[in-house]
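Engineer: Please find one structure pasted underneath; my questions will follow.
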Amino acid sequence: MALTRLIHHVRRVGLGQRTTFTDGELTVSTDEAQGILADAALAGVRLSWLSPGESARIVKVLDAVEPRTKGPGGGGIFPGFVGPARPQGDGETHVLRGTAVVTAGFLPRAQEALVDLSGPAAALSPLGATHNLVIEFTPAPDASWEKVDAALRTGSLRLAAWLAEAALDAEPDEIEELPSPSPVRRDRPRVGAITNLQTQGLFKDVFLYGRSFGSSLPTLLDPGELDDGAVVSGQFGHPALKNPTFMHQNHPVVNELRRRHGRDLDFAGLVICPEPVNQADKELVSAFAARVCAAAGFDAALVTKEGGGNADADMALKMDALAELGIEAVGLYAEMAGTDGTGPSIVVAPEKATAMVSTGNYDHRLQLPAVDKALGGDEFALLHIPATEAFEVPTAVVYCALSPLGWGRVTARAG
Amino acid sequence: MANIVHYINQFFAGVGGEDSAGAGPTLVAGPVGPGRRLAELLAPEHQIVATVWCGDDIASGVVPAIIDLIRSVDTDGGVDLVAAGPAFTSGRYGLACARVAAAAHDAGLRAVASMHEDNPGLDEAGTTPVVASGEVARRMAPSLDRLANAIGLLLRDEPLTAADGRIGKLARLTVMADATAAERAVDLALVRLGGDHTATEIPLPRFDQVTPAAPVEDLRTAMVALVTEGGLVPDENPGSLESARATRWLRYPIAEIDGLQAGEWRSIHGGFSTAYANEDPHRILPLDVGRQLVAEGAFGSLFGEYFVTTGNGTSVANARRFGIEWAADLRHSGARAAILTAT
């Protein structure tokens, strides 16, 4: 099995009468987009573009999706939400690179998350470098929050597929052939990935083929299935430590393993795991995941997490379970070292497997400048001040700034 | 010639042991006790101009007074450096050394403390330099050699590194790496598979292994204290105890009361539903059972106050400090045992 990514670079964006993609310019019809997003749970939606370099901020950021399609009507993309829930991950997938569909606004349990399009926080978030089509919304008066959440998720995925459809006939800027991991052992070390998903109930859940992954056991997934949107995020906690749909579609560890496959390693596979809330389930999932990796012939596993303190327990248990089976484990950890960097870095440390990569200090303070405009809400909820003002925040509130999937270059070092 | 003030405890000052652990800070001219050997090691470049000593039970709580004494030292050119210890594995002494060094550092003086890596006071030094001592006072000579070497390096403004015996916190500084975390993780996996079994970007945190105290010989004559991390406070929370990430602890008198009435006491703990605790505050602080056991003669008496903090997202450094302070306070007050209720 192999997936071909047809990459179209989006260089300019705008709103217009028709949705088109021509010479790198993506124009979106507000009417068409609002039609796609229409749902009984939503009284209305507003659409705006924000581009890199603008004096602008998005607050209350929920999910972000990269526009992709496999054909007219989506061609099976986002299975379980847009396409039918059938295995994907092969054939061709069109990608609108450099743009994201972003939902922003209040949902219960969602923690205040921000993206700056300029200033020091812009470089810390993947959305600081993309043209973002921001969807703001007003819930219908009688709609439950559950239904509002579901409407936003389905609507933004449909819209992402629809935008990419405008590029179906365009000549791609790049073509990437992505073979699936091979089960055959050659003379290179077999390195795979374990991706923990924070599946802890309503507004803190992750979906596989349209269904909650919360009560599942670990499973092997073809990396191409991530590309085609089989994993969709509905997890709105821990802004800097979350893995929105956009990041699953562009999984940095998977991309790096693909890049080096056949050179200094062989990509052994991807195992996804839930992060349950209780200890017994964490232990079961961790031991089970290690067995799946052993069965797939992993020599080493790169383990990633989602969320804060308790997610460290899933990491530690899994890394030690791998070590017990003789599989080398490397954990990607965000540190919680306090504002001055002197606190204990991680909440639960592995005992046997001690290889860790730091994605930065959660508590490190950032000074953000005032901006001309803000979308997602009038107020920055964490500080109860207008969203456009200058303020100081911990890195923890910047969307994907400490990306557990390894997107960023931020790290922490003893000094 | 640089001027050094040396901080030690009452024991090493030759004043006394536990009987003198409540003695207040005292300034003495020149070196005292281990300071004499330290002064020999530092001569002729540097001299110990004064020694400040204080009783272990109170020292960590009177650090500002200790700093004032250090600053009052009358010397040509002022004080250049404060050295504290060696404190070995003594918790109260280590805590005092760490805090005195950190406070001197904050006051703009060079400072260094000496203690064993397992000393629970170590974290309190923050990023102020600490060098390793031996585990016990029998290792005084090599510990002083290392401390003298560290003092020399600091006074020459040279870096003090792990090779010189530096221990404790080095701040984790936020920087931009050359490669993404994903790229570095793959590199690290290959390095590990290549046979390097220690490579990592994050050193493992050190968690304490606490050795339990010896059993109390006779509880029937012992004073027993009640202490809790359950956030139980008088209903109005007069001391404004934090519901999470506590930075301090509080004490409230219970000598005059036999029980804790619902509505008069409240748990402000942010980490669990407090409904059941507030319905009957004894579920957090078992004063009722404590009084009963005293009446039955099982306990000699109950300590007249209880200590409380909130154990919810509390930093390890703060929690460790609370423990040292509670132990010192209770020991000083004559309590022989404490019941710590946790939530």
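The values are calculated or read from the model by the stated rules, or taken from the named source; none is laboratory data. Keep in mind that this is a model prediction, so the values were computed, not measured. Cβ coordinates were reconstructed from backbone atoms using ideal geometry, including for glycine residues, and neighbour counts include every protein chain displayed.
Engineer: Mind checking which residues of region B:160-176 are of a type outside the set (D, E) and under 23 Å from B:N119 (Cα atoms)?
Structural biologist: Filtering region B:160-176 down to residues of a type outside the set (D, E) leaves B:160-163, B:165-176.
Answer for region B:160-176, where residues must be of a type outside the set (D, E) and under 23 Å from B:N119 (Cα atoms): B:L160, B:T161, B:A162, B:A163, B:G165, B:R166, B:I167, B:G168, B:K169, B:L170, B:A171, B:R172.
Engineer: Restricting to region A:343-384, count the residues that are in a loop (DSSP other than H, G, I, E, B) and either crowded, with 23+ Cβ neighbours inside 10 Å or touching a helix residue (DSSP H, G or I) at 6+ places or on another chain (Cβ under 8 Å) (or both). Walk me through how you get there before you give the answer.
Structural biologist: First, pick out the residues of region A:343-384 that are in a loop (DSSP other than H, G, I, E, B): A:343-354, A:362-364, A:369-372, A:376-378, A:381-384.
Those still in the list that are either crowded, with 23+ Cβ neighbours inside 10 Å or touching a helix residue (DSSP H, G or I) at 6+ places or on another chain (Cβ under 8 Å) (or both) too: A:343-353, A:362-364, A:376, A:382.
Looking only at that region, the number is 16.
Engineer: Could you list, in sequence order, the residues of region B:168-187 that are closer than 13 Å to B:I202 by Cα and among the small types (G, A, S)?
Structural biologist: Hits for region B:168-187 are B:A171, B:A181, B:A185.
Engineer: Same structure again: Do we have any residue at all in region A:156-167 that's among the basic types (K, R) and assigned to a loop (DSSP other than H, G, I, E, B)?
Structural biologist: no
Engineer: Count, please, the residues in region B:113-136 that happen to be of a type in the set (A, V, I, L, M) and at pLDDT below 95. Talk me through it step by step, then tell me what you get.
Structural biologist: Taking region B:113-136 as the starting set, the residues that turn out to be of a type in the set (A, V, I, L, M) are B:113, B:115, B:122, B:125, B:130-132, B:136.
Remaining after also requiring at pLDDT below 95: B:122, B:125, B:136.
Final tally of qualifying residues: 3.
Engineer: Looking only at region B:103-118, decide whether some residue is within 18 Å of B:D57 (Cα to Cα) and buried (at least 19 other Cβ atoms within 10 Å of the Cβ). Explain how you work it out, then say what you get.
Structural biologist: Taking region B:103-118 first, the residues within 18 Å of B:D57 (Cα to Cα) are B:115.
After this cut, where a residue has to be buried (at least 19 other Cβ atoms within 10 Å of the Cβ) as well, the list is B:115.
Yes, the conditions are met somewhere in region B:103-118.
Engineer: Residues to consider are B:L302, B:L285; find the one that is in contact with a strand residue (DSSP E or B) (Cβ under 7 Å, 6 or more places away or on another chain) and assigned to a loop (DSSP other than H, G, I, E, B). Break it down into steps so the answer makes sense when it comes.
Structural biologist: Working: B:L302 fails: assigned to a loop (DSSP other than H, G, I, E, B).
It is B:L285.
Engineer: Same structure, new question: Need at least 1 residues that are touching a His at 6+ places or on another chain (Cβ under 8 Å) and polar (S, T, N, Q) per element, so show me which strands (runs of 3 or more DSSP E) inside region B:107-178 make the cut, counting only ones lying wholly within it.
Structural biologist: Details: elements: B:110-115, B:130-132, B:172-176.
By residue number, B:172-176.
Engineer: In addition: Given the condition closer than 22 Å to A:D340 by Cα, outside the structural domain of B:G323 (by TED's automatic domain parsing) and out of contact with any Lys or Arg (no Cβ under 9 Å at 6 or more places or on another chain), answer yes or no: does some residue in region B:117-129 qualify?
Structural biologist: The answer is yes, given that some residue of region B:117-129 is closer than 22 Å to A:D340 by Cα, outside the structural domain of B:G323 (by TED's automatic domain parsing) and out of contact with any Lys or Arg (no Cβ under 9 Å at 6 or more places or on another chain).
Engineer: Hey, among A:R409, A:R413, which residue is of a type in the set (K, R), in contact with a Leu (Cβ under 8 Å, 6 or more places away or on another chain), closer than 25 Å to A:H251 by Cα and surrounded by fewer than 24 Cβ atoms within 10 Å (Cβ to Cβ)?
Structural biologist: A:R413
Engineer: Do any residues in region A:82-103 that are closer than 21 Å to A:N132 by Cα have Cβ atoms under 6 Å from those of residues that are of a type in the set (S, T, Y) and part of a strand (DSSP E or B), where the two are at least six apart or on different chains, and which pairs are they?
Structural biologist: Between residues of region A:82-103 that are closer than 21 Å to A:N132 by Cα and residues that are of a type in the set (S, T, Y) and part of a strand (DSSP E or B), the close pairs are A:H94/A:T69.
Engineer: Do you know which residues across region A:99-153 are assigned to a loop (DSSP other than H, G, I, E, B), touching a strand residue (DSSP E or B) at 6+ places or on another chain (Cβ under 8 Å), more than 13 Å from A:L50 (Cβ to Cβ) and among the small types (G, A, S)? Don't jump to the end; show me each part of the working.
Structural biologist: Initially, region A:99-153 is screened for residues assigned to a loop (DSSP other than H, G, I, E, B), giving A:105-113, A:117-121, A:125, A:130, A:140-144.
Keeping just the survivors that are touching a strand residue (DSSP E or B) at 6+ places or on another chain (Cβ under 8 Å) gives A:105, A:107, A:109-110, A:112-113, A:117-121, A:125, A:130, A:140-141, A:143.
From what is left, the residues that are more than 13 Å from A:L50 (Cβ to Cβ) are A:105, A:107, A:109-110, A:112-113, A:119-121, A:140-141, A:143.
A:G105, A:A110, A:A113, A:G119, A:A121, A:A140, A:A143 - these are the residues of region A:99-153 that are assigned to a loop (DSSP other than H, G, I, E, B), touching a strand residue (DSSP E or B) at 6+ places or on another chain (Cβ under 8 Å), more than 13 Å from A:L50 (Cβ to Cβ) and among the small types (G, A, S).
Engineer: Quick check on region B:140-162. Is at least one of its residues outside the structural domain of B:V32 (by TED's automatic domain parsing), modelled with pLDDT of 95 or more and touching a Ser or Thr at 6+ places or on another chain (Cβ under 6 Å)? Steps first, answer last, please.
Structural biologist: Of all residues in region B:140-162, those outside the structural domain of B:V32 (by TED's automatic domain parsing) come to none.
No: zero hits.
Engineer: Here is a list: B:G165, B:G94, B:G126. Which entry is more than 17 Å from B:I4 (Cα to Cα), over 16 Å from the mean Cα position of the chain (by Cα) and crowded, with 18+ Cβ neighbours inside 10 Å? Give the derivation first.
Structural biologist: Values: B:G94 fails: over 16 Å from the mean Cα position of the chain (by Cα); B:G126 fails: over 16 Å from the mean Cα position of the chain (by Cα).
It is B:G165.
Engineer: Ok, one more. Give me the residue from region A:385-415 that is under 21 Å from the mean Cα position of the chain (by Cα) and part of a strand (DSSP E or B) and, out of that set, nearest to the other protein chains (Cβ to nearest Cβ). Before you say what the answer is, go through the steps one by one.
Structural biologist: Narrowing region A:385-415 to residues under 21 Å from the mean Cα position of the chain (by Cα): A:394-411.
Of the ones still in play, those that are also part of a strand (DSSP E or B) are A:394, A:398, A:410-411.
Details: A:P394: 11, A:V398: 12, A:V410: 6, A:T411: 5 Å.
The selected residue is A:T411.
Engineer: Counting just the residues of region A:208-254 that are closer than 18 Å to A:L127 by Cα and polar (S, T, N, Q), which one comes out surrounded by the fewest Cβ atoms within 10 Å (Cβ to Cβ)?
Structural biologist: That would be A:N250.
Engineer: Within region B:247-277, which residues are part of a helix (DSSP H, G or I) and within 15 Å of B:T341 (Cβ to Cβ)?
Structural biologist: From region B:247-277, those part of a helix (DSSP H, G or I) are B:275-277; that's our starting set.
Of everything in region B:247-277, those that are part of a helix (DSSP H, G or I) and within 15 Å of B:T341 (Cβ to Cβ) turn out to be B:Y276, B:A277.
Engineer: So in region B:154-202, with the set limited to residues that are among the basic types (K, R) and facing chain A (nearest Cβ under 7 Å), which one is farthest from A:N361 (Cα to Cα)? Let's see the steps before the verdict.
Structural biologist: Here is the first cut: in region B:154-202, the residues among the basic types (K, R) are B:156, B:166, B:169, B:172, B:184, B:192.
Next cut, facing chain A (nearest Cβ under 7 Å) only: B:169, B:172, B:184, B:192.
On the way: B:K169: 15, B:R172: 8, B:R184: 17, B:R192: 24 Å.
Top of the filtered list is B:R192.
Engineer: Hand me the list of strands (runs of 3 or more DSSP E) wholly inside region B:1-73 holding 1 or more residues that are farther than 30 Å from B:D329 by Cα.
Structural biologist: On the way: elements: B:2-9, B:26-29, B:46-54.
Those strands (runs of 3 or more DSSP E) span B:2-9, B:46-54.
Engineer: So, one more: Please go through (1) of a type in the set (S, T, Y); (2) within 11 Å of chain B (Cβ to nearest Cβ); (3) out of contact with any strand residue (DSSP E or B) (no Cβ under 6 Å at 6 or more places or on another chain) for A:T304 and return the number of the only condition it doesn't satisfy.
Structural biologist: Status for A:T304: all satisfied but (3).
Engineer: Within the bounds of region B:187-195, is there any residue that is exposed (fewer than 15 other Cβ atoms within 10 Å of the Cβ) and at pLDDT below 95?
Structural biologist: First pass over region B:187-195, keeping only residues exposed (fewer than 15 other Cβ atoms within 10 Å of the Cβ): B:194-195.
Now restrict to residues that are at pLDDT below 95: none.
The answer is no; no qualifying residue exists.
Engineer: List the strands (runs of 3 or more DSSP E) inside region A:21-67, counting only whole elements, that have at least 3 residues being touching a helix residue (DSSP H, G or I) at 6+ places or on another chain (Cβ under 6 Å). Let's see the steps before the verdict.
Structural biologist: Working: elements: A:25-29, A:42-50, A:56-58, A:61-65.
Output list reads A:42-50, A:61-65.
Engineer: Could you give me the residue pairs with C-beta distances under 8 Å whose first residue belongs to region B:91-120 and is among the β-branched types (V, I, T), whose second residue is in a loop (DSSP other than H, G, I, E, B) wherever it lies, and which are 6+ apart or on separate chains?
Structural biologist: B:V112/B:T128; B:V112/B:P129; B:V112/B:L160
Engineer: Hey, can you tell me all the residues within region A:158-208 that are among the β-branched types (V, I, T), more than 23 Å from A:G406 (Cβ to Cβ) and in contact (Cβ under 8 Å) with a residue 40 or more places away in the chain?
Structural biologist: Step one: of region A:158-208, the residues among the β-branched types (V, I, T) are A:175, A:184, A:191, A:194-195, A:199, A:206.
The next check asks that each one be more than 23 Å from A:G406 (Cβ to Cβ); those that pass are A:175, A:184.
Matches in region A:158-208: A:I175 only.
Engineer: Something else about it: Looking at region A:224-271, which of the residues that are out of contact with any His (no Cβ under 8 Å at 6 or more places or on another chain) and among the aromatic types (F, W, Y) is nearest to A:V191 (Cα to Cα)?
Structural biologist: By that ranking, first place goes to A:F246.
Engineer: In the set B:A275, B:A244, which member is within 14 Å of chain A (Cβ to nearest Cβ), at pLDDT below 95 and surrounded by fewer than 15 Cβ atoms within 10 Å (Cβ to Cβ)? If you could, list the steps in order and put the result at the bottom.
Structural biologist: On the way: B:A275 fails: within 14 Å of chain A (Cβ to nearest Cβ).
When all the criteria are applied, what remains is B:A244.
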